[in-house]
1. Any idea how many residues of region 79-104 are surrounded by 13 or more Cβ atoms within 10 Å (Cβ to Cβ) and under 15 Å from Ser137 (Cα atoms)?
2. Take the conditions closer than 21 Å to Thr71 by Cβ and either assigned by TED's automatic domain parsing to the domain that holds Met22 or in contact with a Cys (Cβ under 9 Å, 6 or more places away or on another chain) (or both) and apply them to Glu98. Does it pass?
3. Of all helices (runs of 4 or more DSSP H) completely enclosed by region 1-75, which ones contain at least 3 residues that are in contact with a Gly (Cβ under 9 Å, 6 or more places away or on another chain) and either farther than 30 Å from Lys118 by Cα or assigned by TED's automatic domain parsing to the domain that holds Glu101 (or both)?
4. Being out of contact with any strand residue (DSSP E or B) (no Cβ under 7 Å at 6 or more places or on another chain), of a type outside the set (Lys, Arg) and free of Cβ contacts under 8 Å to residues at least 12 places away in the same chain is the filter here, so list the residues in region 115-155 that pass it.
5. Restricted to region 105-155, and to residues that are of a type in the set (Phe, Trp, Tyr) and outside any loop (DSSP other than H, G, I, E, B), which residue is surrounded by the fewest Cβ atoms within 10 Å (Cβ to Cβ)?
Amino acid sequence: MRRKTKTVTIDGIDKKILRMLMEDARTPILEVARQVGISGAAIHQRLRKLEKANLISGSQLIVNPTILGFTMCAFVGIYFDKEADAPLVIKLLKRVPEVVECHYTTGQWNIFLKVRCKNGDHLVQILNTLQEIRGVSRTESFISLNQDIERQVKI
């Protein structure tokens, strides 16, 4: 799946705004404006410009899955059958709530998933569900023991 990505140029003010909001997206716009040294209206205009350019896409609330009991993180490489309909496989994967990321990859797998589950038994259930999807030949899974780095691209 080849996608054409358009790049956008940002200036020092945009970078200051983005760094502040990446640190804490709940920072009031007027506080951002005060620290950056421009008006709140100018901040809004710049944010709209960056959204229109698809550099940013709103803000989100991040839920800690461990607190909800999803204490295990696993990665699953999926191999397709020769006859696999990749868009249909992806559509069916979207119905599996434990699948939190899906990537087309180079290398041995056709796609690579990140899944959150409660324990080993739950992971087995998820793997069985994945293997029942038409077009999936087999899976290979890896359990994450710890995540030491989680961050966005530095601006």
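1. 10
2. Details: closer than 21 Å to Thr71 by Cβ: yes; either assigned by TED's automatic domain parsing to the domain that holds Met22 or in contact with a Cys (Cβ under 9 Å, 6 or more places away or on another chain) (or both): yes.
Criteria met by Glu98.
3. 29-36
4. Those that are out of contact with any strand residue (DSSP E or B) (no Cβ under 7 Å at 6 or more places or on another chain), of a type outside the set (Lys, Arg) and free of Cβ contacts under 8 Å to residues at least 12 places away in the same chain: Asp121, Val124, Gln125, Asn128, Glu132, Leu145, Asn146, Asp148, Ile149, Glu150, Val153.
5. Going residue by residue through region 105-155, those that are of a type in the set (Phe, Trp, Tyr) are 109, 112, 142.
From what's left, outside any loop (DSSP other than H, G, I, E, B): 112, 142.
Details: Phe112: 18, Phe142: 11.
Of everything passing the filter in region 105-155, Phe142 is surrounded by the fewest Cβ atoms within 10 Å (Cβ to Cβ).
The values are calculated or read from the model by the stated rules, or taken from the named source; none is laboratory data. Remember, predicted model here, so these are calculated numbers, not experimental data. Cβ coordinates were reconstructed from backbone atoms using ideal geometry, including for glycine residues, and neighbour counts include every protein chain displayed.
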